[in-house]
1. Take the residues in the stretch 62-99 that are assigned to a loop (DSSP other than H, G, I, E, B) and over 24 Å from the mean Cα position of the chain (by Cα), then tell me which one is surrounded by the most Cβ atoms within 10 Å (Cβ to Cβ).
2. State yes or no: is ALA54 within 23 Å of the chain's Cα centre (by Cα) and of a type in the set (A, V, I, L, M, F, W, C)?
3. Please go through the stretch 228-240 and give me each residue that is part of a helix (DSSP H, G or I) and surrounded by 15 or more Cβ atoms within 10 Å (Cβ to Cβ), ordered by number.
4. Restricting to the stretch 338-357, what's the tally of residues that are in contact with a Leu (Cβ under 9 Å, 6 or more places away or on another chain) and either within 20 Å of ILE283 (Cα to Cα) or assigned to a loop (DSSP other than H, G, I, E, B) (or both)?
5. For the stretch 132-168, which residues satisfy the criterion of being of a type in the set (Asp, Glu) and surrounded by 19 or more Cβ atoms within 10 Å (Cβ to Cβ)?
6. Considering only the stretch 165-206, state which residues are charged (D, E, K, R), part of a helix (DSSP H, G or I) and in contact (Cβ under 8 Å) with a residue 12 or more places away in the chain.
7. Taking the stretch 105-164 as the region of interest, how many residues are part of a strand (DSSP E or B), of a type in the set (A, V, I, L, M) and closer than 28 Å to ILE198 by Cα?
8. Looking only at the stretch 116-131, filter to residues that are touching a Gly at 6+ places or on another chain (Cβ under 9 Å) and surrounded by 13 or more Cβ atoms within 10 Å (Cβ to Cβ); which one of those is modelled with the highest pLDDT?
Amino acid sequence: MRKIIVKHEKNQHFTAILENDRLVELIVDDSEDESLIGNIYMGIIKKILPAGFAFVDIGKEKMAFLQLVDRREWLFWEDDRLLIKQGDSILVQVIKDEVGQKGPTISGLLTFSGKLLVIEKHRDAGNIGVSRKITDVKERARLSEIVKSELPDGINAIIRTRAAGAKKEEIIDEMTRLMNHMNTSDAHWQYIAAPALIHKEATGLSRTLEEIGANESELIYDDNGSINLFDKLGIITEINQATSKKIWLKSGAFLTIEETEACVVIDVNSGKFIGSRNAEKSILSINLEAAEEIAMQIRLRNLSGIIIIDFIRTKDAENTKILLKYMEDMLKKDRISVYLMGITAAGLVEITRKRLRKPLSAALGSCGFIS
């Protein structure tokens, strides 16, 4: 059973997602520090560097970062010739919020996201992708056929997980709404002086509840009455544990989690674990327990980008396969795109996870009720 508990504190909303009464996600919406992801701006190119990226002024304190070496930025290229130059105005969309000293990351490939679909313009238009989490072959085919029959020329579409079971009318209505957003942006950007905001994504609590599918869960609003649900349900304790670098497992083993700007490193340590005489069996037992907790901590802490895991090394190739399969199964519970890339040459497990919102450690920076 999934519960969603919303708590309001000053200028912030805290949305706690509980599965089987355990906190698995905490989303912080700060009215003074809103996410820019999805916003579309008319920007001015301030500098193009030989390394293949550009700094773009979108009207924010920090310059936005545009990767020109990424050939998905096809609007800016003709064969091998760059079509844009310093001083040009360009239409861009924020795909990552600022991190540390680095400003927001932007793209010239504009996407418009709804609950069921994502649409984009592309020179190789007409492609339809379906979420890998929709595994029923007939349902994938049904959804693809609906979208294909209505997809305008010059547009790609991605069918999201929550589209599974949706009626044809719902899908078409959302596609029409998203196309209207796209057409409005196209019609007005060329008449606006840069830098300027062209399209603003929904923000705050309403966006959060739509993202997580609140209508499919038990939703409770903690109104700071006589009973504080965050305290009563142990959520405060779990939040505080989620800011700790060390996580103890029931077996006596523990994890250490280090977050850096470049990547996240997670180490598995046997700690106080007392296993059987069979060393390989003990190692597998620890690693499987760690894999389940790591997948949960990735969700809870909103870790993203490159995640490197140093499991306890095993000499048994079959046990390695079992561990990787189990890790992959645990990651499937995540609503955000996450991929197990495999094992590096150094024997480390590498995971990548899409960056949406700030990591929890950064988002909790100004939370007065967190001890």
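The values are calculated or read from the model by the stated rules, or taken from the named source; none is laboratory data. Since the model is a prediction, treat every value here as computed from it, not as a measurement. Note that we place each Cβ from the backbone using ideal geometry, even for glycine, and neighbour counts take in every protein chain shown.
1. So, considering only residues that are assigned to a loop (DSSP other than H, G, I, E, B) and over 24 Å from the mean Cα position of the chain (by Cα), the one surrounded by the most Cβ atoms within 10 Å (Cβ to Cβ) is ILE84.
2. no
3. Across the stretch 228-240, the qualifying residues are LEU229, PHE230, ILE235, ILE236, GLU238, ILE239.
4. Residues that pass the stated criteria total 4.
5. Correct list: empty.
6. Within the stretch 165-206, LYS168, GLU170, GLU174, ARG177 meet the criteria.
7. Matching residues across the stretch 105-164 total 9.
8. Among them, the one singled out is VAL118.
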